[in-house]
Each structure stands twice: as structure tokens, then as C-alpha cells.
Amino acid sequence: MRLVDEDGRLFGRVNVVDAAVVLVVLAAVVAGVVAFVPLGGGGEQATRYATVDLGTQPPAAAERIETGDRSADGETVVTDTYVGPAADGANASVVVRVRVNGTLAGDGDDRVFERDGEPLRRGDALSFETPSYAVSGDVLRVDADGETLPVGSLPVLLDATLSPATADAVAVGDTSRLDDRRIARVTGVTTAPVANGSARRALLGVRVHTLNRSGSTYFGATPVKVGESLRFDTDQYALTGTVARWGNASPSGSPTTTTVVVSLTDVAPTVADGLRAGLVERRDGRTTARITDVRTENATVVLTSDDGHIYEREHPENVDVELTVDLRTRATADGLRFHTRALREGTRVTLDFRTVAVDGTVTRIRG
């Protein structure tokens, strides 16, 4: 049989022109399918590492989030965790580093990493669920590599006003914890009585577990900056202090001994009798003041007579006291400091010798 007969039919049955039209239509259909069905299942497979702020979590929930946790679909894995105190002091602030499997969409420098068909960028939300928990947070950054978070240990000096009971309880080595994680530790304590006796001022050296976020250092949810308040909680006490310096947890200056004369006026005999050479003030296991000499003279009292004349007379009981005291001070670029305050002539100081406490004025500094 001839392929095309004299009437122009293919195999004597189909018109050649009609067959050509059918072939053109089929080619167009195939081209359309190729154009609209992505090759390779949606783009190039890729992996990215994201830092995700999970926000405030109850301590029990924070305890369950651990390195190695894997999402139910296996596409998201926790590679590092950071836990610190939340702003409310009762809960935890949690940040995680996660490895995410996804695809790259686009061409060249314009390619975008996608997870489940959605872009994953800084500022986006990321959710994942494990057999133990489901969480969601804000993406702080996305990188091509890097499993760990930029955590550190930072010395900080806190300035706090404490009740006497709290001041007595604070000691070097005290530790603040969230579940089984140690987040802060006391490295040094300097306390001083306040004049009214109802509180003490404290300079606390504290080493805190920190996280670098977008170029700033954070302790939990709080940025570590001079003037910012930080909480420090233990099982025995809770306190809040203001950051006086960071990067160095020691009070400024170098230790030295300074001899001063402190004047006390109109002192009752019961108090004056308790002051003697050799009496020491001790703070935080160290001698901070030692009396080397005591001198007394009768105090004076001003009287006004019935006719309006003013007379100065000796007080029948009270005395003025002059104490010579060796103080443990710190020499700084701005001068001497005692306890937690500047030391100058005219400065009022409170000395607590346990058996007797006095408040007087520095009249001379001998060096």
C-alpha cells in the first residue's frame, strides 16, 4: 500500500493536512506541560541555619528544649540553645539555633531559601513541632552554616540597695539557675551600711551567661548596658541591681589604706563607751575599718535664758568624739573611695562595728 494515495490521504484513510494539524496541536500541549511543571521537584535542595527567638517560656517548657531535638517531619533540627531570665523574672527567655532543610528558588544572586514553599528570612516566623513540644518564634538571622549560638560569659558589676537580711545572705559563689542551667554567679561582694540603718548599698561582681544578638550583648531578655537593671535570683534571695560597669566585675581603682579622722558630735555615753582603739569593721570577710585612737570631750549645748540671752554650756552627759580610723579604700582616677562612695573631707561615713554603729564626718585625711 502506498503511504499517500492519489487523493492525498495518509494510508488511504487520513488527509495529510488534517494529520499535520493534529501533530502541531500535540506539540503545543507537550510544550505547555514542560513550561508549567517545575523540573527537579521545586528547586535545588539546600540547608540553612537559623537563629530563632522563642520568646518567654515557662521554666518547665524551656527545660524540654534541647540540642538534637528534631521536628516531626525531620526537616528541622535544634543544634544549640540559649536560656536566660525573662523580663518578668519568673520565666525563661529562650533562643535556639536550628538546621532547616529546604530549597533555593530563583536564579543567581536572587535565589531565595524556602521552607515548605515559603521564604525563610530575618524577621519571618518559624514554627516546628517535636514529639515533646510545639514552638514558634521570630527569625533573628539565617546563615549558610554555623550550628552554634554566639554565647559567652561576661563579668558585670551591679550596684544594688539591699535589705540587711539580703546583704548578709549574699556571698561569693552564689549561683542563679534556670532548671539545671547555671546562668549567673557572684564573684565579689562589697557592702556598706546606709546612714539610716534600714538598708545597705552593695557592689556585686557577677559573671553572667550571655548571648550576642544583632551586635548587642543580652542576659536573657535584657541588654547588658551601663545603667540597665539586671535581676539575680537564687533559692535564698532575689535582688535587682544597676549595671555600673561590664567587662570587669571589680570596683574601679586599686586597694589602699587611708587614715582619716572622723568627728562624732553629741554622742550618748552608752555609745561613746563602746568605742575603743582596736575595734574593727568587717565586711565580706575583710577588715574595712580599724579604730586606732579615740578622743572625747564634753559636748556643748546652747541655752536661751528668760531674758533672751544665749549661752553655750557643757552638756551634762553627752560627749563629742574624735576617731582616728584606718580605712580600706580604693584609689581611683577621681580620688579615694570608701565602701561604695567617694571619700573627701566633709564626707559623712557610717561605720558599723557590730557592737556599736556610728555616723560621723571626715574632718581630716592623712593618707
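Can you list the residues, at least 5 places off or on another chain, whose amide H is less than 5 Å from the amide H of Ile183, using H built in the peptide plane?
Under 5 Å from the amide H of Ile183: Ser176, Arg177, Leu178.
For the range 247-367, taking Cα atoms only, what is the radius of gyration to one decimal and the Dmax to the nearest whole Å?
My reading of the Cα-based Rg and Dmax gives 17.3, 68 Å.
Taking θ = phi - 60°, what integer Hz values does the Karplus form 6.51 cos²θ - 1.76 cosθ + 1.60 yield along the range 232-239, in sequence order, with x for Gly and Pro?
Karplus values, whole Hz, x for Gly and Pro: 9, 10, 10, 5, 9, 7, 9, 8.
Residue by residue, what Karplus-based ³J(HN,Hα) values in Hz, rounded to whole numbers, does the range 117-122 have, using 6.51, -1.76 and 1.60 with θ = phi - 60° and x for Gly and Pro?
My calculation for the range 117-122 gives x, 10, x, 10, 9, 4 Hz in order.
Once you wrap a convex hull around the alpha carbon atoms of the range 208-264, what is its projected area averaged over all directions, in nm²? Please report the intermediate quantities before stating the final value.
On the way: hull surface 28.8 nm².
Its Cα hull, projected and averaged over all orientations, spans 7.2 nm².
What angle, in degrees between 0 and 90 and rounded to the nearest 10, separates the Cα long axis of helix 16-36 from the longest principal axis of the Cα atoms of the chain?
10
Quick check: convex hull over the Cα atoms of the range 122-182, volume per residue in Å³, rounded to an integer?
Details: hull volume 12.6 nm³, N = 61.
In the range 122-182, the Cα convex hull volume per residue is 206 Å³.
Can you tell me, using C-alpha contacts under 8 Å and at least 6 residues apart, the relative contact order of the range 243-360 as a whole percent?
32
For mean projected area of the Cα convex hull in nm², the listed values are (1) 34.0; (2) 17.0; (3) 20.1; which was obtained by calculation from the structure presented?
(1)
Among residues other than Val349 whose Cβ falls under 11 Å from its Cβ, what is the net charge (Lys/Arg +1, Asp/Glu -1)? Don't skip to the end; give the middle numbers.
Details: positive: Arg341, Arg344, Arg348; negative: Glu281, Asp352, Asp359.
Residues near Val349 contribute 0 overall.
Would you kindly derive the ³J(HN,Hα) couplings of the range 93-103 from the backbone phi angles with the Karplus curve 6.51 cos²θ - 1.76 cosθ + 1.60 (θ = phi - 60°), listing them in order in whole Hz, with x for Gly and Pro?
The phi angles translate into 9, 10, 10, 10, 10, 10, 9, 10, 8, x, 9 Hz.
Can you pull the semi-axes for the range 271-317, root of five times each eigenvalue of the Cα gyration tensor, sorted largest first, whole Å? Write down the numbers at each step before the final one.
Working: eigenvalues 296, 23, 11 Å².
So the three semi-axes of the range 271-317 are 38, 11, 7 Å.
Taking only C-alpha pairs under 8 Å that are 6+ residues apart, what is the relative contact order of the chain in percent? The partial results should precede the final answer.
Numbers: 809 pairs, mean separation 45.5, N = 367.
12 percent.
Just from its helices, what would the mean residue ellipticity at 222 nm be for the chain, if runs of 4 or more DSSP H residues each count -39500 (n - 2.57) and the sum is divided by every residue, rounded to the nearest 500 deg cm²/dmol?
Details: 4 runs with 37 residues, N = 367.
After summing the helix terms and dividing by residue count, I get -3000 deg cm²/dmol.
About the Cα centre of the chain, what is the dipole size in debye to 20, counting +1 per Lys and Arg Cβ and -1 per Asp and Glu Cβ, all else neutral?
Using Cβ point charges on Lys, Arg, Asp and Glu, the chain gives about 1140 debye.
If I model a spin label at Thr270 and Asp107 as a point 7 Å from the Cα along the Cα→Cβ vector, what separation in nanometres do I get?
With each label placed 7 Å out from Cα toward Cβ, I get 9.5 nm.
Set the Förster radius R0 to 56 Å, insert the Cβ-Cβ distance between Asp143 and Glu317 as r into 1/(1 + (r/R0)^6), and round the FRET efficiency to 0.05.
That gives a FRET efficiency of 0.10.
In the chain, what percent of the accessible surface is made up of carbon and sulfur (1.4 Å probe, ligands and nucleic acids excluded)? Intermediate values should be presented prior to the final figure.
Numbers: 9860 of 20290 Å².
Heavy-atom surface of the chain belonging to carbon and sulfur, 1.4 Å probe: 49 percent.
Give the separation of the Cα centroids, the range 217-258 to the range 89-142, in Å.
34
Run through every distinct alpha carbon pair of the range 41-163 and return the Kirkwood hydrodynamic radius in angstroms, one decimal place.
On the way: mean 1/r = 0.0631 Å⁻¹.
Computed over Cα pairs of the range 41-163, the Kirkwood hydrodynamic radius comes out at 15.8 Å.
Quick one: accessible area per residue over the range 208-367, 1.4 Å probe, rounded to a whole number of Å²?
Numbers: 8880 Å² over 160 residues.
Result: 55 Å² of accessible area for each residue.
The values are calculated or read from the model by the stated rules, or taken from the named source; none is laboratory data. It should be emphasised that the depicted structure is a prediction, and the values quoted were computed from it without experimental measurement. Using ideal geometry, Cβ is built from the backbone for each residue, glycine included, and neighbour counts are taken over all protein chains shown. Each accessible area value is taken on the protein alone, full model and side chains, heavy atoms only, with ligands, DNA and RNA left out. Shrake-Rupley method; radii C 1.70, N 1.55, O 1.52, S 1.80 Å.
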